[in-house]
Amino acid sequence: MLLPKGVMPETRRSFDEQQQEIRTEVVKLAAKACEQIGAATQALLDADLSLVDQIYGTHREIKGLVVQVEQQVYQLFALQQPMASDLRSLLAILRILHEIELTAGLMRNVARATRRLYPRELPPRIRGIIERMGAQASVQTRLAVDAFTDEDVVVATALPDMDDVMDDLQKELFRAIFTGFAGPVDEAALQMAVQLAFVGRDYERTADHAVMIGRWVLFMVTGALPGDDETPDGADVE
């Protein structure tokens with residue numbers, strides 16, 4: 001029996017509604033990860049151990065929610081058998097969830113460094129660089145989420161160029177560490193230098209995950225897989 005024009009089968013309506021609910025949950029999770037970036041940066045700058053405890057708790061919450069959303073996606077695969085663009089969207093969501101969880105994990109690492117460095121104060125120059133790295137990581141992650149929300153391939157393909165800023169900040173941090181801790185240093189100063197190097201790497205990797213979210217957005221919209229020779233950074237997306 002033919003349905004009246006404009007009327008969708010109930011199964012299709014249900015699928016679209018479930019898919020939209022999943023996308024909404026992904027955006028909420030990404031927002032939590034962005035908040036973790038700001039919180040971890042603040043905890044490190046202020047040596048705030050109470051904020052560290054909150055970051056650990058939120059990280060556990062994010063991990064649990066990621067599993068729940070993944071299960072929703074797997075259920076759609078099993079019951080609805082999506083094809084074409086719907087299939088790409090769900091596959092991209094699974095990969096984006098992975099990037100979000102990794103981002104949250106990196107910010108837990110920054111929080112852990114706060115505990116290990118406590119109660120030493122950061123040198124002013126290094127403090128300023130870390131503040132900028134946290135801001136850059138937040139900007140890139142938020143733009144990646146916006147690209148996903150709006151299916152914006154222009155923003156998605158611009159993210160690798162933005163990542164150059166973070167790479168430069170990491171180099172600047174390493175230079176500051178080497179010059180700031182040059183010469184004979186005590187055990188505590190050496191521990192600080194090592195922890196700060198790890199923190200710089202955590203921020204750099206967070207920015208990389210934002211780039212990967214953008215690449216999965218590009219796959220979702222165009223079908224181009226991350227790493228395809230046909231879709232290098234800055235490729236024409238018209």
Check your understanding: Say we join alpha carbon atoms closer than 10 Å with springs in a Gaussian network model of the chain; which of Val73, Val139, Val194 then has the biggest fluctuation?
Key -> Val194
Exercise for review: Round to a whole angstrom and tell me the spacing of the C-alpha centers of region 157-223 and region 70-94.
Suggested key: 33 Å
Revision key, fill the gap. Checking Leu79, Leu97, Leu44 against a Gaussian network model of the chain (alpha-carbon springs below 10 Å), the top fluctuating residue turns out to be Leu79
Study note, to complete from the structure: Carbon/sulfur accessible area of region 89-172, % of total, 1.4 Å probe, equals 49 percent
Study note, to complete from the structure: Net charge near Ala47 (other residues with Cβ under 10 Å of its Cβ; Lys, Arg +1; Asp, Glu -1) is -1
Exercise for review: May I ask you to give the solvent-accessible area per residue for region 1-137, in square angstrom, as obtained with a 1.4 angstrom probe?
Suggested key: 53 Å²
Check your understanding: Between Phe174 and Leu87, 0.36 nm times their residue separation minus their Cα-Cα distance comes to what?
Key -> 27.1 nm
**Study point:** Identified option (computed Cα extents along the principal axes in Å; candidates (i) 84, 39, 22; (ii) 49, 44, 36; (iii) 60, 52, 29)
**Key:** (i)
Point to revise | Cut-off 10 Å between beta-carbons: net charge of the residues surrounding Glu101, Lys and Arg +1, Asp and Glu -1 | key: -1
Practice item. Rounding to the nearest 20 debye, state how big the charge dipole of region 1-136 is about its Cα centre with +1 on each Lys and Arg Cβ and -1 on each Asp and Glu Cβ. Key: 400 debye
Point to revise | Whole-Hz couplings from phi, Karplus 6.51/-1.76/1.60, listed for region 90-100; x for Gly and Pro | key: 5, 5, 5, 4, 4, 5, 5, 4, 4, 5, 5
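The values are calculated or read from the model by the stated rules, or taken from the named source; none is laboratory data. Keep in mind that this is a model prediction, so the values were computed, not measured. Note: ideal-geometry Cβ built from the backbone for every residue, glycine included; neighbour counts use all protein chains shown. The accessibility values were calculated without ligands, DNA or RNA, using every heavy atom of the protein model including side chains. Shrake-Rupley method; radii C 1.70, N 1.55, O 1.52, S 1.80 Å.
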